[in-house]
Amino acid sequence: MTGPVDTPAPDQTESPHPVTGLDDVVHQRVRLGILTIAHEARRVEFGFLRTQLALTAGNLSQHLAVLETAGLVEVEKGYAGRRGRTWITLTAAGNAALAEEIARLKQLIARVETTDIPEDR
Amino acid sequence: MTSDAVPAGGDPRRLLTEARDLAHRVRLAQRVTWLPLLVLGLVTLGAIPAYRYGHTVVSNCKPMGDGGQACQVWFQTATFYWWTALVLGYVVSAVGYLRVARARGLETRIAPYAIAGIAMLALFTTLHVFVARELLPPPDLERPLPWVVLALFRLTDFSGSVGLALLVLAWLERHPALLLFALGYLVVVIVPMNFGWGNHWGDKWGFAPMLVISGGVLLLGSAGFALAQRLRRPR
């Protein structure tokens, strides 16, 4: 039995450009920062994130809402004495998304370094 | 929308650099290096009275050529002291680390340090008892043990296990300065140098010079790391 021979187009033989795999939720400066801090700290308090990322409370809350909706972080509210405290934990999906983003960024850098860029004339 | 106030994406190199910088800042904020060093330094100095005034078990004596005798000595009180004090010390350090880190708004990976410290304590004690009972020949002061055996013995002794636990902490914290400090401390423990200090203090104080030196090194390290942390803190 004979059939059509699959001959991939030249552009299909190459691996896709790393940019195509970037996740818009994670590929954002502040959200990448939140995930990085939460990964390193395991569990981080809202105030620490706000100070380190130099954000307003409202701005940080919006970014956290995006990450929480995507299932990348868990937000837990509690009390330390009389003070309300909000703790942020990275989920397994968040951990994987962060690892994926870092790998894509490294691929992008490697591709930029190995690509022959013609000089502007 | 507020979440778009910061430009999305950006130069990948810059994003990676920022991520690494943030991770480094978190590690700095999690560190309370002076605390375990202080605790271990105090535990080491506290061993001096346990050796001096504690109960010892003497066995396996063998007459020497000069009319004296060489014996195996088990420092019973000192062994129990080290065990209790080190286990308590690791627990206190871990709890202190967690409290300080939480007050700063973070969690910390300190539990493996305490677990490794206690596990090494158990493993090395078992090893020493086994070697002393089953492998070591009766004491012979005229033919001292090879230096490799002595170095291994000191490395797995209580003071040595403290240094190995500090290596674990340095790895957990990705802390090069603590790594160097722990290696330096281990050299002090393995190559005992007392500069002749304590030579005439008598048998009962035989352990004191080494304990003062190793405990002093730990306390000085604690003061140094506390000072460095204080200077680094933003004003």
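Work through the residues other than residue A:109 whose Cβ is under 11 Å from its Cβ and net out their charges, Lys, Arg +1 and Asp, Glu -1.
On the way: positive: A:104, A:106, A:111, B:13, B:14; negative: A:113, B:11.
So the environment of residue A:109 carries a net charge of +3.
Where the centre of each part is set by its Cα atoms, how far does region B:207-235 sit from region B:82-120, in angstrom?
18
Residues with amide H under 5 Å of residue A:43's amide H, sequence separation 5 or more or different chain, H placed in the peptide plane at 1.01 Å from N; which?
Excluding prolines and chain starts, which carry no amide H, the hits are B:107.
Suppose R0 equals 35 Å; then what is the FRET efficiency for residue B:84 and residue A:91 from their Cβ-Cβ distance, rounded to the nearest 0.05?
Working: r = 41 Å, r/R0 = 1.16.
Using R0 = 35 Å, I get an efficiency of 0.30.
What residues of region A:85-111 lie in the reach of a label at residue B:14, counting those whose backbone N is under 19 Å from a point 7 Å from the Cα along Cα→Cβ?
What the label zone holds, given the 19 Å backbone N cut-off, is A:102, A:104-111.
For region B:163-180 and region A:45-99, compute the distance between their C-alpha centroids and round to whole Å.
30
Between residue B:212 and residue B:61, what is the label-point separation in nm under the 7 Å Cα-to-beta-carbon projection?
3.0
By how many degrees, between 0 and 90 and to the nearest 10, does the Cα long axis of helix B:158-173 differ from the longest principal axis of chain B?
Compared with the principal axis, the helix lies near 10 degrees.
Helix B:76-103 sits at what angle to the longest principal axis of chain B, using alpha carbons and giving 0 to 90 degrees rounded to 10?
The answer is roughly 10 degrees.
With labels modelled as points extended 7 Å from the Cα through the Cβ direction, what inter-label distance (nm, one decimal) is found for residue B:233 paired with residue B:183?
Using points 7 Å along Cα→Cβ, the separation is 3.0 nm.
Whose amide H sits under 5 Å from the amide H of residue B:61, counting only residues 5 or more places off or on another chain, with H placed in the peptide plane?
So residue B:61 has HN proximity to B:72.
Values in this text are rule-based calculations from the coordinates and carry no lab data. All values reported here derive from a predicted model rather than from experimental measurement. Ideal geometry is used to build each Cβ from the backbone, glycine not excepted, and the neighbour counts take in all protein chains shown.
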